[in-house]
Structures are given as structure tokens and as C-alpha cells.
1. What trypsin sites (Lys or Arg not before Pro) does segment 216-297 have in DSSP loop regions with at most 11 other beta carbons within 10 Å?
2. With the cut-off at 1.5 for a/c, could you classify segment 231-360 from its C-alpha gyration tensor as rounded, prolate or oblate?
3. Starting from the 7 Å offset along Cα-to-Cβ, what nm value, one decimal, do you get for the label separation of Arg201 and Trp20?
4. Carbon and sulfur atoms: what percent of the 1.4 Å accessible area of segment 275-325 do they account for?
5. Between Glu388 and Arg209, what is the label-point separation in nm under the 7 Å Cα-to-beta-carbon projection?
6. Given a 1.4 Å probe and every protein chain left where it sits, what share in percent of the accessible area of segment 171-267 is carbon and sulfur?
7. With every protein chain kept in place and ligands, DNA and RNA left out, what is the accessible area per residue of segment 165-204? Probe 1.4 Å, answer in Å².
8. Please compute the modelled spin-label separation between Gln289 and Glu254, points set 7 Å along Cα→Cβ, answer in nm with one decimal.
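The values are calculated or read from the model by the stated rules, or taken from the named source; none is laboratory data. Every value quoted in this text rests on a predicted model; they were computed, and no experiment measured them. Here the Cβ positions follow ideal geometry from the backbone for every residue, glycine too, while neighbour counts run over all protein chains shown. Note: accessible area is taken over every heavy atom of the protein model, side chains too, but ligands, DNA and RNA are not part of it. Shrake-Rupley method; radii C 1.70, N 1.55, O 1.52, S 1.80 Å.
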Amino acid sequence: MLKPAITTSTAVAGSSEFSWVRDPEFIPLSNDGGVTECLMHESATPRAGALKGLLGNFLETIIGKAHATAGVVRLLSPDGHTLQTISSAGLSKEMQEEAESLIELDCENSDIAELGRVAYVSDLRTCEMRQNCRYSSCRFQSLVSAALEPSNQPGAPLGMLTLFFDGPREVAGRALNMVTAFAEMMGAVIEYTRINRAAHRTELLAERRVIANDIHDSLAQTLTFARMRISLLQEAIRTGNESTAAKYAGDIDEALEISQKSARQLIADFRSKLNPGGLVASLDELVVQFRERNSIALEYHNRLVDLALPVEYEIQVYSIVREALNNIGRHSGATHARLFVDANFGYYVFTVEDNGVGAHTFAPVEGHFGMMIMRERAQRIGGKITVESAIGLGTKVQLSFPEPSSDWRSASE
């Protein structure tokens, strides 16, 4: 969410002789040279819950509040033709069988007390089938049933909530409003959980796409190059061209070495999962790890109140920032560095900067990462990376990308 806030800053004490001159700047240019306005959204990504457990808790609560004897929650099957019990309370197995048959009966024919279209009370004493009842549940004298519907789609049935009472219809009738209110809450829980499950599946598919892209960008391309060189090597051997054959053999050896490094880095990358708390928690961990492993004083500034991104965005941003910090630790020769997280003009902006030797901090490297891979990661989320580096003046790497469209949020809310 692009939401400016009071600066949150943490730093490790370094040389008192050094200080940053100014905050990093970011000015995006659109195709017409103008500046995009900041977009605002007010939601976070929810998570799926245990539906059966949630409904069971609701059912036990309402049975106690309504002074009922037992209760059943049934959900509509995917084909829309049957109701299947997902949770029950206060019923033995034989009692549950009879309870389900009672729910299906219109014991009072047209004499049913209704509350709109979604709830009714039945007097079970009028049911003919109960004259010779052999179950202990024959003590049930009345019931209340209420439809479970999504709050955003009234009239679209999800299932039914039914409570059984030992008392007459009047006893059940007094609980009608309460049962209806609980049914509304349970309908919202069911829809909320289903939507969250769909969002979770979308996140898993996004992670798989990221893995596939990473393998393509590293191993697949390098192995394709090696295979092409094998064909050329075979031709050179066939024609007796030793110098050319030696060159192609060297290319293949180099490609295999790069592939080996890429495979190792891929494994390390995939094992390094995001913190369950999301991108902000993961960046916090990166900062802690950097400070533990390096003598470079790292400042960390996060100016966003809420940072909610699709999981694929979080993965790409995390990987880019991590590699930028790793390069500072390995190559910069810096005494100070800083990480800025900000939002300007409708863009998220992540800036990693150091006061090191400059120019060579991000020299081309082999393997999975390197500046080329970082740029490819940025492109996958519609962003770009800019680099400023000069000898003796340090290096600044800045990732910027526009806020994701709101449709990703609607799929997970």
C-alpha cells in the first residue's frame, strides 16, 4: 500500500566522521514525461482458516446462547443438489440420522413461521413420522433453521444452520432472531474462507512460476548453450581442427561450471523462504543478518505504514534487495550502507546505497544472480533497476515499480 508515514529508522553506530548528505531521490517519467499520481488502497491479504473448526465453534456457541439441545450445520454440495453435514453438536450418530431427516420435512405444511426468506421455526410434534419414533432424539419438539448466505450475495445459498429444542415451538421461536444473526456471521465466515483458499492457491501457483522462471533464466539457458557447443565440438573433431575443438571444449567446461554454480544458488535461493510475516519481516531479517556478517554500518529506513504486495512481488523484491546487500558486503569496500523503503508518485521504491569504492561494486558476475538477473526480476513485476556508481563515490541501486492493480486484492479479500 502506498502510504507515507513518519520515518522509521534504525542504524548501527559507525564512524562519526561519516554522514549521508541527503535522502535518495526518485522521479519516475511516463511516456509523455509526466508523473503518475499515487494510488491508495485500504486492505491486506487475508489467510485461509480451518472451516470445519470455525463452524463447529460457532455452533457450540449458539447452542449455548439459544438454550438449544443440539445443532447441525450443512453446506450445499458443489453440484447444488444436496446438503451435506459439515459440523454437528449434541447429537449421537443415530440422533444425527433422524435430525437430518427431520430437517427435510415440512412438518407444518404451509403453517411455517418465516422470517423473510431465510429462516423458519417448525413444530416437530406435528410430524406423522414421529408417532412411532424409536430414537432418543424423539424428545426434540421444535427446530429453527436459517439459510447460510454470503454477505455480498444475498439469496445465493451456501447451506443451512439448524438448532433443535426440547421445548415447544414457542421456545424455538424466541431464538429465531439470534439464530438468524449467527447464520449471517457463519455465511460470511464460509465465503471468507473459500475466497482465502482461492487466494492461497493463486499464491502457490505464483511461487511455482517464479521457480520456473529462475530455472529458465539460469540452468536452461546455460545448458542450451553447452549443447550447441557440443555439436560444434563434434564437427571440429571430425574435421581435425584441434584449436577450434579446444576452444569449444573450454566453452563447454565453463558452461558446466556456471550451471553447477547456478544449481547451488537456486537451491540456496529456494530454501531461503520469505518470513511468514511477509516482505517487511523478511527485510528486517536481512538487515539483521547483514549487520551480523559485516563490519559495514547499515541504516534501515522504512517509510511505509503498510506494505501489502502479491506474493510474487514480495519474492522478487526480497531477492533483489538481498543480492544488492550481498554485493555490498562482498565487493564494495564500504564503511556505511543504507536501505530505504519508500513510495513516491504511485511507485514503490527500494534503494540500496553504499559509500564504497564504486564503479566495480556490481561488476558482471556468473551464475544465477548478477545485475542482469536482478533486472529480469524487476521486469517481471513491471519495474526497473537503475544504478549510479562512480569510482570513490560509492554505488546506489534503486528498484522501482508501480503499485499492482487492485484486482489482485479483490481476489484475496
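1. Lys273
2. Because a/c hits 1.5 or more and a/b exceeds b/c, segment 231-360 counts as prolate.
3. 4.4
4. 47
5. 3.3
6. After summing per-atom areas, the C and S share lands at 58 percent.
7. On a per-residue basis, segment 165-204 sits at 50 Å².
8. For Glu254 paired with Gln289, the spin-label model returns 3.1 nm.
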